[in-house]
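J.: Provided herewith is a single structure, encoded as structure tokens, for subsequent inquiry.
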Amino acid sequence: MILNHLWGIYAHPKEEWHSIDDRHESFKYSLSHILLIALIPSVMGYFSAVYLGWSIGAGKDIFLTESSAAFIAVAMYFALIAGVFALAYLALWMAQTFGATPTYTQTLELSAYTATPIFMAGLSAVYPELWFIVCVGLVALAYSVYLLYTGVPILMHIPEERGFIYASSVVTSGLILLVIILALTAMMWTSGYAPIFT
């Protein structure tokens, strides 16, 4: 089953990391996980923007046209997938510095399962109030960071002390990737691809 680690990373994360490390599924398996989980924020974002409306405080709810929301959802889907692959590459690139010799599939597993809570936070779009989504997003981000710090020593086979520094480097890389994605989004919006409101 493609999502068989999903419950484990929430219920018993350390044991689940050991299970992932013991099995080391194929690249195709990790890719399938990413492709499915990345659908959640994209589809939910589209649904809430078109049918539920976003509330950002005072004033009317904000709706997007179907075509505009679809374009944003597709762009978000591919940006999320690209972000996971880029983070896996950066984790692989940094690994030798910390005495680890993982394969790209191992770092992809680390990135994919670490990103899962953030992607699943997209379910919060069923209640598209900005304060609620920000709160859920922050909790998901905190849990993803926790997963990263617990998973690195197990998957990379390095001591916890070095694993902490390595995980911190991966977190920093992830934040840089997020800033790059946000900057590209802003550039696209100012180049004529801005959302169309109803």
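J.: Mind ranking His12, His5, His18 by accessible surface for me, highest first, 1.4 Å probe?
T.: Final ranking, largest accessible area leading: His18, His12, His5.
J.: Okay, next question. Filter the trypsin sites (Lys or Arg not before Pro) in the stretch 20-129 down to the DSSP loop ones having no more than 16 other Cβ atoms within 10 Å, then list what survives.
T.: Passing both the DSSP loop test and the Cβ count: Lys60.
J.: Oh, and also: Amide H of Trp54: which non-local residues (sequence gap of 5 or more, or other chain) have their own amide H closer than 5 Å, using H built in the peptide plane?
T.: Excluding prolines and chain starts, which carry no amide H, the hits are Ile62, Phe63.
J.: Under 10 Å, Cα contacts only: if you run a Gaussian network model on the chain, which one of Ser26, Ser111, Ser48 comes out with the highest mean-square fluctuation?
T.: Ser26
J.: Whole angstrom only: what separates the Cα centroid of the stretch 180-198 from the Cα centroid of the stretch 76-154?
T.: Distance between centres, Cα-based: 23 Å.
J.: Moving on to the next point. Tell me, what is the FRET efficiency for Asp22 and Trp131 to the nearest 0.05, using R0 = 45 angstrom and their Cβ-Cβ distance as r?
T.: 0.65
J.: Just tell me, in residue order, which DSSP H segments of the chain are both 27 angstrom or longer along the helix axis (alpha-carbon based) and at least -1.0 in mean Kyte-Doolittle hydropathy.
T.: 66-95, 130-156, 160-188
J.: Hey, in the GNM for the chain with a 10 angstrom Cα cutoff, which one of Pro128, Pro117, Pro159 fluctuates hardest?
T.: Of the options given, Pro159 has the highest mean-square fluctuation.
J.: Which one, Leu64, Leu108, Leu182, has the greatest fluctuation when you compute a Gaussian network model over the chain with C-alpha springs under 10 angstrom?
T.: Leu182
J.: Only helical DSSP H runs with n ≥ 4 go in: add -39500 (n - 2.57) per run for the chain, normalise by residue count and round the 222 nm mean residue ellipticity to 500 deg cm²/dmol.
T.: Computed mean residue ellipticity for the chain: -24000 deg cm²/dmol.
J.: Indicate the gyration tensor shape class of the stretch 40-114 (rounded, prolate or oblate), computed on the Cα atoms with a ≥ b ≥ c the square roots of the eigenvalues: a/c under 1.5 is rounded; otherwise a/b larger than b/c is prolate and the rest oblate.
T.: Prolate, because a/c is 1.5 or more and a/b exceeds b/c.
J.: Mean separation of Cα pairs under 8 Å and 6+ residues apart, divided by the residue count of the stretch 103-188: what relative contact order is that in percent?
T.: The normalised contact order for the stretch 103-188 reaches 25 percent.
J.: Using the Cα centre of the chain as origin and beta-carbon charges of +1 (Lys, Arg) and -1 (Asp, Glu), tell me which of Met44, Phe197, Gly57 is placed farthest towards the positive end of the dipole.
T.: So the residue furthest toward the plus end is Phe197.
J.: When only Cα pairs under 8 Å and 6 or more residues apart are kept, what is the percent relative contact order across the chain?
T.: Averaging sequence separation for qualifying contacts and normalising by length gives 27 percent for the chain.
J.: Just the accessible area for Thr185, please: 1.4 Å probe, Å², rounded to the nearest 10?
T.: Using a 1.4 Å probe on the heavy atoms, I get roughly 50 Å².
J.: What does the charge dipole of the chain about its Cα centre add up to, to the nearest 20 debye, if the Cβ of each Lys and Arg holds +1 and the Cβ of each Asp and Glu holds -1?
T.: 280 debye
J.: Now for a different question. Per-residue counts of other Cβ atoms within 10 Å, averaged by peptide: what ranking do you get for 91-101, 162-172, highest first?
T.: Ranked from most to least packed, the peptides come out as 162-172, 91-101.
J.: Which shape class applies to the stretch 119-198: rounded if a/c is under 1.5, otherwise prolate when a/b exceeds b/c and oblate if not, where a ≥ b ≥ c are the square roots of the Cα gyration tensor eigenvalues?
T.: oblate
The values are calculated or read from the model by the stated rules, or taken from the named source; none is laboratory data. Predicted, not measured: the structure shown is a model, and the values here were computed from it. Cβ: placed from backbone, ideal geometry, glycine included. Neighbour counts: every protein chain shown. Accessible surface areas use protein heavy atoms only, side chains included; no ligands, DNA or RNA. Shrake-Rupley method; radii C 1.70, N 1.55, O 1.52, S 1.80 Å.
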